[in-house]
1. Could you pull out every residue, at least 5 positions away or on a different chain, whose amide H is within less than 5 Å of the one on residue 165? Hs are placed 1.01 Å off N in the peptide plane, and Pro or chain starts have none.
2. Gain in length, residue 191 to residue 155, computed as 0.36 nm per residue apart minus the alpha-carbon separation, to one decimal in nm?
3. Convert each backbone phi in the stretch 143-150 into a coupling constant with the Karplus relation 6.51 cos²θ - 1.76 cosθ + 1.60 (shift: θ = phi - 60°), then list the ³J(HN,Hα) values in order as whole Hz, x for Gly and Pro.
4. Taking 35 Å as R0, compute the FRET efficiency from the Cβ-Cβ separation of residue 76 and residue 139 and round it to 0.05.
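Every read-out reported here was derived from the displayed coordinates using simple, explicitly stated rules and does not represent laboratory data. What you are looking at is a predicted structure, and each value in this text was computed from that prediction instead of being measured. Cβ placement follows ideal geometry from the backbone for every residue including glycine, while neighbour counts extend to all protein chains displayed.
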Amino acid sequence: MTKYCDSKWFNIIIWLCSKSLLILLIKKFKIKKKDDHIVINAGVVISLILAFVFVLVSNGPQVQWWEWIFIGFAICRISSIIIYQIWVLFLPCYFKIIKKYSITSVPRLIILLLINYLEILFFFALFYRNFTDFFTVNNNFSLNSISGSSYFSLVTMTTLGYGDVTPTQWQGMFIISIQTLIGLFMALLIIARSISHLPKHKTEQQIKDELKEMPMWDENDKYM
């Protein structure tokens, strides 16, 4: 693990994380470390709201110039989330080297991870709503709607795949493949983080060892 931390690929991930919009804002306005989590929390929630609004106001299949801005923002945001989650995945290794960052709250990390999951879901719904020409709908619903695009994004990201929509061009296959891989990655992270937060049960031998290390008291309430 230490060897990997010294590799150029790990340094590239750290550099990319430092160039994310939220980190740049924190550096630009010189926000104190004790307050940076407030900026990050607010930024993630605002990004989720924007993702939903983008899907709501978009109307394919003819993509307008302002919709291309939405799509560009979505691609940058999805890339930023994945890079950040990879960084957090190897954060203990990074912390040993630089000792600058640490995970202060596992519940907060899980909540932000769930919000990121919803962000990605709506961003891909935006893609499906604007690029309906890449797909054929087999059931009686439209991808060019917030309900239809969000539904298809959900079943794709959770790898359910009911067969309601079929890609007809390589671009559609590419979008679906990328979302499926991201969905699996994010689901594994959520499960792993949730399990790590569960209370650890101690064996009988561990309890006995801890009792042996506890200070003993005599009848006069003095240490033995």
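1. Correct list: 138.
2. Roughly 11.1 nm would be gained on extension.
3. 6, 7, 8, 5, 6, x, 5, 5
4. Once the sixth-power term is evaluated, E becomes 0.60.
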